[in-house]
Amino acid sequence: MRVDVAIRSARDLTAAARKARILPLSREEVLKVGTLSRIGLSDAEVGRFTTQLSSILDYVGKLRELDTSGVEPLAHALPLHNVLRPDEPRTGLAPEQALAGAPEASGDFFRVPRVLDEGVSA
Amino acid sequence: MAITDLTACRMREALRRREFSALEAADASLAAIARLDGRVRAFLSVDADGARRRAAGIDKRLAAGEPAGLLAGVPVAVKDNMCTADGQATTCASRILGGWRAPYDAHVVERLAAEGAVVVGKTNLDEFAMGSSTENSAFGATRNPWDLERVPGGSSGGSAAAVAARMVPLALGSDTGGSIRQPAALCGVVGLKPTYGRVSRYGLVAFASSLDQIGPFGRTVADAALLLQATAGHDPRDSTSVPEAVPDYLAALEEPVRPLRIGLPKEFFGAGLDPEVRRVVRDALAAYERLGAQMVEVSLPHSAEYAIAAYYIVATSEASSNLARYDGVHYGRRSSDHADMIDMYMRSRVQGFGDEVKRRVMLGAYALSAGYYEAYYKKALRVRRLIRRDFQDAFKTVDCIMGPTSPTAAFRQGERTADPLAMYLSDVYTVSCNLAAIAGVSVPCGFTRAGLPVGLQIITDVFTEDRLLRIARMYERETAWADRSPPVCEARP
Amino acid sequence: MTAADLLPTIGLEVHMHLKTRTKLFCGCPVRYDARPNSCVCPVCLGMPGVLPVMNGRAVELAVRMALALGCAIPDLAKWDRKHYYYPDLPKNYQISEYDQPLGIGGFLDVETPRGAVRVGITRVHLEEDAGKLMHDERGGNFSVVDLNRTGTPLLEIVSEPDIHGAEDARAYAEALRQLAVYLGVGDCHLQLGQMRFEPNVSLRIGTGPDGKPRYTPISEIKNLNSFRSVERAVVFELARHRQEYVANPAEYTLENLGKETRGWRDDEGVSFLQRSKEEAHDYRYFPEPDLVPFVPDRAWVEAVRATVPELPQGRRRRFISEYGLPEYDAGVLTAERGVADFFEKVAGLVKDPKTASNWMMQDVMRVLNERKAGIADLGMTPEALAELVSLVKQGAINRNKGTEVFGKMLASGKPAGEIVRQDGLAQVADAGAVEAFVDQALAANARTVEDYKGGKKAALGRLMGEAMKASGGKANPQLVREILLRKLGG
């Protein structure tokens, strides 16, 4: 099966970037984004993902070629607005149903390892 | 002709005429699954008892002459990222959900039940619909019925393969960047991604919320139309579901669209396109020309490669957010050993997610993080607007846009797994449709010399699925691709 | 720069629960007394596949509050996801409004002991509350989560740093509560956690070489849930800032240290560092794709504006100027909307605001204070009170009997006229009858009469009391006085 030219050009770019040691991502950044995402990576994963994510970031970096000044970001695919719900109660789940899939429960509560009083409030 | 060889439309008529019962149809489907799925591995779960029970219920209604719905007695498969409250697990092909059973039905699952469909099982996918080959499943890869050494495409590979191998006439998939159309192309079936907002996403486990859309697989255009008919429409539980009336997709299906101006974007026929796929697609376009269609060269300058770049930022950003909830607290899998709360999150997620999910979640978190938001996420949204404008401009002069669905036919298992970027480029022609929120379909248009199916992608503007289906049907009438069945169906074990 | 020149500079972020029947994104009821995890559904549990749908009533209440605060309602508001991992937040993101809130740029005039202070309102936005995380009380190595509160509509009101003292911070918080309750936007029961405060505290330390004001680092104190703790925490924090700054004026600046997050230990009366600038969260805000923007129709905004009643301060001023009420009385009568409405209704019916105010202050408020009840629980309509007030005004009964009848009305629920008739309380205004009561009193109190005639003018009051007593309290006091004076010889 023929691998398309775009793949090759992206690979070349990554290779060139690696050679020039201008990988977009460092190991430290991958670890940091892993922590931000609450994914506790092994050393091997950090290495693998540093290379793979760098090559993807290289590729998506091609967006920089485009002049988007004056172009509004498009976050919502369709121009919908004002979708509102009446303030009417609906039947939900019983505590037993809510807790049915909980990895750990304690009485009517979800149970988690002890959390220190350091949380972020709303 | 065996029951499983019937299209959904034919089966529906036969059921109404009581030529066979819904229970027989369900049993035929279950038997096909039992016979074939050991090799194809399209299903993650099969609910034989539930299916037979539902079929018997439909038979009662049919016998009593009661209305039984648009899909009365027709077996259907559902991609396993849609919630079912039937007691079957909803897995998203991920370990992290740990056998979670949804306490509620997705909107589309409710619709299927209301229209009398018999859901026989839930199909395999790339974990959380992230992938283009159905190899990223925690429960093993699905194989392409046309060549078991090859991938069925993805992420709805299980649904595409189940329909291609005639285990079910209809299946639902979800399409975030091509996850219905690309596997439809690679498996030689019809797969349609409706306009964003046409089908409710309530109960579809989110990958990228602004791009995800549920759509039908069938062996024929009419079958896809039938399943779309049954599932489309407004749902107040999805704020992005559009309260537009659903046209009767089947009523005018046989009416050709005339005059028909077909836009051919040069970006869809560029350097990355496999020559054999190009030839087969060109032949299909020639068929349209013979039907009187006018070919118009259009430009979608930001589609193809820029679209892939924008797509992988937007989709991964949303995914990093949508998948934050899988943390082992309220449901799903929790790591067994952990020092504290944060350690529990870190271990549960690193153990529960596969590599592709980890990559995308991290890429998305990176694109949204302080200092990179403008350069990546916001930039991608600006390009997204440019892509939508490209299509809006094009639709001023053409009725539809055509090109190949995928740059290649089905590739070998393992061929692209080591190179995520190569895998991403499988979606090069499909992602722009999701970014622009418009409708697209892949219809079978021939085979490579190696006997692998090729798909023709047809794209139309928002909420014009009726025209899209008619345009697809014009070509289908001229061909007999749907009559071919893959080798796996013939081979007896 | 001396310590005295350091200007306290305080902004307040206030969160309040809106008065809706259901949560912000699902139909689960908002309840405070329910069994744990019983007011939940797949949506607020953040289960796979669910989607939020915005509660229209919550949006309306939020806009009403924003309008009452003088905010502009922008043409487009949208919601965003704010990401952080915490077990009381099932999705691990909070749906909030980041850069395009429902209301911007308002103000609130706050009465303080030093006069009225205007506090600017930066923004008003609508978001979801989190659940409750509790620690195992038996010392176990785990915490537990109740998600009943998850998704409760929460209004966040962010002030400008216009507050310059702890007392003012408290007065601002109290004024916001009064306003929200007045508007029917929230119940604001502090003990239920319906209102929470986060002061941002720093000291202005003069101006820099560039002429711009300089500050000590900003301390954001999280999650205070009483007015008292707001005041105490701000007092503590200002003193701490002063100390830190005086000890190290070159280092202890906003430019150097930025913003820090602190907690408050109410029992010890101290704040403690939670996070410095370096440890600040990266919330990765982005537009919530599952909700669509809110584009308010201008006519709708005006209709909501029409539901905003006259606000306490303005009403207070009007009661003084229009009705001639004393400042104190006007303050009492406008502290709660129900009381003010009740008063105005009575005043209108009897066409005498001063008398109506007298009844409100002396009778109605006394009973409410005794009972610790609200006006809604008085058990009397403004119309019923107005009837009583009119009976007194017309001289049908006297004022003292009026208070007696008021008590009987509360006890029996009967109208004033009926009680007066049944109990024979009608005032005796017949000159002959009253004269008989006076004669009775004069005859029985010869010594007092002597006292009066001897120049003790106070004796007149005693004689009046005796005459009233003889009448069973029913005599017209004016007439008693007139006849008494005549009989005593002027």
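Residues that are within 10 Å of chain A (Cβ to nearest Cβ): find the strands (runs of 3 or more DSSP E) completely inside the range C:110-173 holding 3 or more of those. First the steps, then the outcome.
Details: elements: C:115-128, C:132-135, C:142-146, C:153-159.
Correct list: C:132-135, C:142-146, C:153-159.
Go through (1) open to solvent by less than 10 Å² (accessible area, probe 1.4 Å); (2) within 14 Å of chain C (Cβ to nearest Cβ); (3) out of contact with any strand residue (DSSP E or B) (no Cβ under 6 Å at 6 or more places or on another chain) and name the single condition B:Arg325 misses.
Result: B:Arg325 passes all but (1).
For the list (1) more than 8 Å from every other protein chain (Cβ to nearest Cβ); (2) assigned to a loop (DSSP other than H, G, I, E, B); (3) at positive phi, I need the number of the one condition that C:Asp99 fails.
With (1) more than 8 Å from every other protein chain (Cβ to nearest Cβ); (2) assigned to a loop (DSSP other than H, G, I, E, B); (3) at positive phi applied to C:Asp99, the lone miss is (3).
What number goes with the only condition from (1) part of a loop (DSSP other than H, G, I, E, B); (2) touching a residue at least 60 places away in the same chain (Cβ under 8 Å); (3) more than 20 Å from B:Gly455 (Cα to Cα) that B:Ala245 does not pass?
So B:Ala245 meets the others, but not (2).
Applying the selection to the range C:210-253, what residues are among the hydroxyl-bearing types (Ser, Thr, Tyr) and out of contact with any strand residue (DSSP E or B) (no Cβ under 8 Å at 6 or more places or on another chain)?
Listed by number, the residues that qualify are C:Ser226, C:Tyr252.
Being open to solvent by 20 Å² or more (accessible area, probe 1.4 Å) and assigned to a helix (DSSP H, G or I) is the filter here, so list the residues in the range B:108-125 that pass it.
The answer is B:Glu110, B:Arg111, B:Ala113, B:Ala114.
Kindly indicate which of B:Val163, B:Val190, B:Val109 is at pLDDT 95 or above and within 14 Å of another protein chain (Cβ to nearest Cβ). Talk me through it step by step, then tell me what you get.
On the way: B:Val163 fails: within 14 Å of another protein chain (Cβ to nearest Cβ); B:Val190 fails: within 14 Å of another protein chain (Cβ to nearest Cβ).
Every option except B:Val109 fails the conditions.
With the condition kept exactly as written, say whether any residue in the range B:446-465 is of a type in the set (Asp, Glu) and either closer than 30 Å to B:Leu381 by Cβ or in a strand (DSSP E or B) (or both). Don't jump to the end; show me each part of the working.
From the range B:446-465, those of a type in the set (Asp, Glu) are B:461, B:465; that's our starting set.
Those left that are additionally either closer than 30 Å to B:Leu381 by Cβ or in a strand (DSSP E or B) (or both): B:461, B:465.
So far as the range B:446-465 goes, yes, one or more of its residues are of a type in the set (Asp, Glu) and either closer than 30 Å to B:Leu381 by Cβ or in a strand (DSSP E or B) (or both).
When you go through (1) touching a Pro at 6+ places or on another chain (Cβ under 9 Å); (2) within 30 Å of B:Pro236 (Cα to Cα) one by one for B:His107, which number turns out not to apply?
Every condition holds for B:His107 apart from (1).
Out of (1) within 24 Å of B:Thr220 (Cα to Cα); (2) at pLDDT 95 or above; (3) open to solvent by less than 10 Å² (accessible area, probe 1.4 Å), the odd one out for B:Pro444 is which?
Exception for B:Pro444: condition (3).
If you check B:Arg449 against the conditions, is it among the charged types (D, E, K, R) and either in contact with a Lys or Arg (Cβ under 8 Å, 6 or more places away or on another chain) or surrounded by 20 or more Cβ atoms within 10 Å (Cβ to Cβ) (or both)? Let's see the steps before the verdict.
Numbers: among the charged types (D, E, K, R): yes; either in contact with a Lys or Arg (Cβ under 8 Å, 6 or more places away or on another chain) or surrounded by 20 or more Cβ atoms within 10 Å (Cβ to Cβ) (or both): no.
Spelling it out, it is not the case that B:Arg449 is among the charged types (D, E, K, R) and either in contact with a Lys or Arg (Cβ under 8 Å, 6 or more places away or on another chain) or surrounded by 20 or more Cβ atoms within 10 Å (Cβ to Cβ) (or both).
Select, from A:Glu65, A:Glu96, the only residue that is more than 7 Å from every other protein chain (Cβ to nearest Cβ), on the phi < 0 side of the Ramachandran plot and modelled with pLDDT of 95 or more.
Details: A:Glu65 fails: modelled with pLDDT of 95 or more.
That would be A:Glu96, the only listed residue that is more than 7 Å from every other protein chain (Cβ to nearest Cβ), on the phi < 0 side of the Ramachandran plot and modelled with pLDDT of 95 or more.
Scan the range B:344-371 residue by residue and report those that are more than 7 Å from every other protein chain (Cβ to nearest Cβ), open to solvent by 10 Å² or more (accessible area, probe 1.4 Å) and at pLDDT 95 or above.
Once the filter is applied, which keeps residues that are more than 7 Å from every other protein chain (Cβ to nearest Cβ), open to solvent by 10 Å² or more (accessible area, probe 1.4 Å) and at pLDDT 95 or above, the range B:344-371 yields B:Gln351, B:Gly354, B:Asp355, B:Glu356.
Can you confirm whether C:Leu349 is open to solvent by 60 Å² or more (accessible area, probe 1.4 Å), in contact (Cβ under 8 Å) with a residue 12 or more places away in the chain and away from chain B (no Cβ under 14 Å)?
Values: open to solvent by 60 Å² or more (accessible area, probe 1.4 Å): yes; in contact (Cβ under 8 Å) with a residue 12 or more places away in the chain: yes; away from chain B (no Cβ under 14 Å): yes.
Spelling it out, C:Leu349 is indeed open to solvent by 60 Å² or more (accessible area, probe 1.4 Å), in contact (Cβ under 8 Å) with a residue 12 or more places away in the chain and away from chain B (no Cβ under 14 Å).
Would you confirm whether any residue within the range A:48-60 is among the acidic types (Asp, Glu), facing another protein chain (nearest Cβ under 8 Å) and part of a helix (DSSP H, G or I)?
Step one: filter the range A:48-60 for residues among the acidic types (Asp, Glu), giving A:58.
Filter again for facing another protein chain (nearest Cβ under 8 Å), leaving none.
Scanning the range A:48-60 turns up no residue that is among the acidic types (Asp, Glu), facing another protein chain (nearest Cβ under 8 Å) and part of a helix (DSSP H, G or I).
Select from the range C:191-206 the residues that are assigned to a strand (DSSP E or B), over 10 Å from C:Pro8 (Cβ atoms) and touching a His at 6+ places or on another chain (Cβ under 9 Å) and list them in ascending order. Please lay out each step first, then the result.
Step one: filter the range C:191-206 for residues assigned to a strand (DSSP E or B), giving C:195-206.
Filter once more, so that each one left must be over 10 Å from C:Pro8 (Cβ atoms): C:195-200, C:205-206.
Across the range C:191-206, the qualifying residues are C:Met195, C:Arg196, C:Phe197, C:Glu198.
Could you list, in sequence order, all residues of the range B:29-80 that are assigned to a helix (DSSP H, G or I) and in contact with a Phe, Trp or Tyr (Cβ under 8 Å, 6 or more places away or on another chain)? Break it down stepwise before answering.
Going through the range B:29-80, the residues assigned to a helix (DSSP H, G or I) turn out to be B:29-40, B:48-63.
Across the range B:29-80, the qualifying residues are B:Ile33, B:Asp37.
Give me the pairs: first residue in the range C:359-382 and small (Gly, Ala, Ser), second residue surrounded by 13 or more Cβ atoms within 10 Å (Cβ to Cβ) and assigned to a helix (DSSP H, G or I), beta-carbon distance under 9 Å, and six or more apart or on different chains, which are they?
Filtered contacts from the range C:359-382: C:Ala373/C:Val367; C:Gly374/C:Gly338; C:Gly374/C:Val339; C:Gly374/C:Leu368; C:Ala376/C:Gly338; C:Gly379/C:Met409; C:Gly379/C:Leu410.
Mind listing whichever residues of the range A:74-93 are within 7 Å of another protein chain (Cβ to nearest Cβ) and open to solvent by 30 Å² or more (accessible area, probe 1.4 Å)?
Filtering the range A:74-93 down to residues within 7 Å of another protein chain (Cβ to nearest Cβ) leaves A:74-78, A:80-90, A:92-93.
Within the range A:74-93, A:His76, A:Leu80, A:His81, A:Asn82, A:Val83, A:Leu84, A:Arg85, A:Pro86, A:Glu88, A:Pro89, A:Arg90, A:Gly92 qualify.
Residues checked against (1) small (Gly, Ala, Ser); (2) surrounded by 20 or more Cβ atoms within 10 Å (Cβ to Cβ); (3) touching an Asp or Glu at 6+ places or on another chain (Cβ under 9 Å):
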{"site": "C:Gly120", "(1), (2), (3)": "yes, no, yes"}
{"site": "C:Val144", "(1), (2), (3)": "no, yes, yes"}
{"site": "C:Leu155", "(1), (2), (3)": "no, yes, yes"}
{"site": "C:Gly165", "(1), (2), (3)": "yes, no, no"}
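Quick check: anything in the range C:215-237 of a type in the set (Asp, Glu), more than 14 Å from chain B (Cβ to nearest Cβ), in contact (Cβ under 8 Å) with a residue 40 or more places away in the chain and open to solvent by less than 30 Å² (accessible area, probe 1.4 Å)? Walk me through it before giving the result.
Taking the range C:215-237 as the starting set, the residues that turn out to be of a type in the set (Asp, Glu) are C:220, C:231, C:237.
Filter once more, keeping what is more than 14 Å from chain B (Cβ to nearest Cβ): C:220, C:231, C:237.
Remaining after also requiring in contact (Cβ under 8 Å) with a residue 40 or more places away in the chain: C:220, C:231.
Of the ones still in play, those that are also open to solvent by less than 30 Å² (accessible area, probe 1.4 Å) are C:220.
Yes.
From B:Ala409, B:Ala472, which residue is touching an Asp or Glu at 6+ places or on another chain (Cβ under 9 Å), open to solvent by less than 10 Å² (accessible area, probe 1.4 Å), modelled with pLDDT of 95 or more and among the hydrophobic types (A, V, I, L, M, F, W, C)?
Details: B:Ala472 fails: touching an Asp or Glu at 6+ places or on another chain (Cβ under 9 Å).
Testing whether each residue is touching an Asp or Glu at 6+ places or on another chain (Cβ under 9 Å), open to solvent by less than 10 Å² (accessible area, probe 1.4 Å), modelled with pLDDT of 95 or more and among the hydrophobic types (A, V, I, L, M, F, W, C) leaves just B:Ala409.
To keep it simple, each residue is scored yes or no on (1) polar (S, T, N, Q); (2) surrounded by fewer than 24 Cβ atoms within 10 Å (Cβ to Cβ); (3) at the interface with another protein chain (Cβ under 7 Å from one of its Cβ atoms).
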{"position": "C:Lys23", "(1), (2), (3)": "no, no, no"}
{"position": "C:Arg31", "(1), (2), (3)": "no, yes, no"}
{"position": "C:Pro36", "(1), (2), (3)": "no, yes, yes"}
{"position": "C:Ile73", "(1), (2), (3)": "no, yes, no"}
{"position": "C:Lys78", "(1), (2), (3)": "no, yes, no"}
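Inside the range C:466-480, can you point out the residues that are surrounded by fewer than 16 Cβ atoms within 10 Å (Cβ to Cβ) and in a helix (DSSP H, G or I)?
C:Lys469, C:Gln478
List the residue pairs whose Cβ atoms are under 7 Å apart, where the first residue sits in the range B:315-340 and is on the phi < 0 side of the Ramachandran plot, the second is assigned to a helix (DSSP H, G or I) and among the polar types (S, T, N, Q), and the two are 6 or more positions apart or on different chains.
Listed by first residue and then by second, the contacts come to B:Asp327/B:Ser348; B:Arg333/B:Ser348; B:Arg334/B:Ser348; B:Ser335/B:Ser348; B:Ser335/B:Gln351.
The values are calculated or read from the model by the stated rules, or taken from the named source; none is laboratory data. Computed from a predicted structure; not experimentally measured. Cβ sites come from the backbone with ideal geometry, for glycine too, and all protein chains shown count toward neighbours. Just the protein is used for accessible areas: all its heavy atoms, side chains included, with ligands, DNA and RNA removed. Shrake-Rupley method; radii C 1.70, N 1.55, O 1.52, S 1.80 Å.
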